[in-house]
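Remarks on the structure that follows.
The values are calculated or read from the model by the stated rules, or taken from the named source; none is laboratory data. Predicted, not measured: the structure shown is a model, and the values here were computed from it. Neighbour counts run over all protein chains shown; Cβ positions are idealised from the backbone, glycine included.
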Amino acid sequence: MNTGLPRYQTAPAISCSVAERTLSIDLRPYQSDLVDNTRLSLAGGNRRVVAYLPTGGGKTRTAAAIICMALAKSRKVVFIANRKQLVLQTSAVLDGLGIKHGILQADNTRNLDARVLVASIDTVHLRGLPDDIGLIIIDECHSVAGSAKLKQIMFSRNLVPVIGLTATPFAAGMAKHYEGAWRRVVRGSGDRRDSGRFDR
């Protein structure tokens, strides 16, 4: 049946081996470009990178691909969200992709020894993070400008790479870098409308 929508386009899947399993994550071309551009920016010495996709562009799925690549390098990753619903939503996406993870959020806390933690900012502020975190991903990173809690985490772990996800990288305050909070904004190339549908 022809729906009149353009065909669903994908880039080559991101694959990585984690704990003797191979994970494969299908991405749209613009998502794959964002993963590549983020990786290149970090490799170029930028430890605070904003990864920009418009609303509905699939930031969580793109972050999952970055998490997969970090796991393949034996890094422990924490994904920090500023709302309970975003913690649950991210956990559901990771479950759907087969990425084992723990949750650090008030009474929902579980599996803290997992290589990936999905955490709420409030609980991280109260309990802290494990010492062996190798990558921090902050959802809705434009909120860092007004969040002392997020800024404290970023600056207390100033040697750990941080990737911020946002649909609004040019929100008030972002360009000021807030004492060095963000160093580079990257995005994927192409037009997400070419994919025919949007996802998170």
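As a summary of the residue check, Lys59 satisfies the conditions (1) modelled with pLDDT of 90 or more; (2) farther than 28 Å from Thr123 by Cα except for the one numbered (2). Before we move on, is Ile153 of a type in the set (Val, Ile, Thr), modelled with pLDDT of 90 or more and crowded, with 20+ Cβ neighbours inside 10 Å? Considered against the rule, which asks whether it is of a type in the set (Val, Ile, Thr), modelled with pLDDT of 90 or more and crowded, with 20+ Cβ neighbours inside 10 Å, Ile153 comes out as no. Would you check if there is a residue in the stretch 49-56 being over 26 Å from Thr168 (Cβ atoms), in contact with a Cys (Cβ under 8 Å, 6 or more places away or on another chain) and buried (at least 22 other Cβ atoms within 10 Å of the Cβ)? No, the stretch 49-56 contains no residue that is over 26 Å from Thr168 (Cβ atoms), in contact with a Cys (Cβ under 8 Å, 6 or more places away or on another chain) and buried (at least 22 other Cβ atoms within 10 Å of the Cβ).
Results for (1) under 19 Å from Ser143 (Cα atoms); (2) at pLDDT 90 or above; (3) of a type in the set (Val, Ile, Thr), shown as yes or no for each residue.
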| site | (1), (2), (3) |
| --- | --- |
| Ile25 | no, no, yes |
| Ala43 | no, yes, no |
| Ile66 | no, yes, yes |
| Val87 | yes, yes, yes |
| Ser91 | no, yes, no |
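Candidates Thr109, Thr123, Thr90: the one that is surrounded by fewer than 18 Cβ atoms within 10 Å (Cβ to Cβ), touching a residue at least 12 places away in the same chain (Cβ under 8 Å) and either within 21 Å of Thr168 (Cβ to Cβ) or out of contact with any His (no Cβ under 9 Å at 6 or more places or on another chain) (or both) is Thr109.
Inside the stretch 93-113, residues that are at pLDDT 90 or above, on the phi < 0 side of the Ramachandran plot and polar (S, T, N, Q) make up a count of 2.
Residues are listed down the side, and each one gets a yes or a no for (1) more than 14 Å from the chain's Cα centre (by Cα); (2) on the phi > 0 side of the Ramachandran plot; (3) surrounded by fewer than 21 Cβ atoms within 10 Å (Cβ to Cβ):
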site	(1), (2), (3)
Leu86	no, no, yes
Arg115	yes, no, yes
Gly128	yes, yes, yes
Asp131	yes, no, yes
Ile136	no, no, no
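Pairs meeting the criteria (first residue in the stretch 38-60 and under 19 Å from Ile153 (Cβ atoms), second residue assigned to a loop (DSSP other than H, G, I, E, B), beta carbons under 6 Å, at least 6 apart or on different chains) are Leu42/Pro161; Asn46/Arg183; Arg47/Pro161; Arg48/Trp182; Arg48/Arg183; Val50/Pro169; Val50/Trp182. Could you grab me the full set of residues in the stretch 93-113 that are hydrophobic (A, V, I, L, M, F, W, C) and either within 22 Å of Cys141 (Cβ to Cβ) or touching an Asp or Glu at 6+ places or on another chain (Cβ under 8 Å) (or both)? Within the stretch 93-113, Val93, Leu94, Leu97, Ile99, Ile103, Leu104, Ala106 meet the criteria. Of the residues Arg193, Arg200, the single one that is in a loop (DSSP other than H, G, I, E, B), modelled with pLDDT under 90 and closer than 19 Å to Tyr52 by Cα is Arg200.
Among the residues of the stretch 79-137, how many are in a helix (DSSP H, G or I) and among the aromatic types (Phe, Trp, Tyr)?
Adding up the residues that qualify gives 0.
Note on the stretch 43-63: residues that are in a helix (DSSP H, G or I) and either basic (Lys, Arg) or in contact with a strand residue (DSSP E or B) (Cβ under 6 Å, 6 or more places away or on another chain) (or both) total 3.
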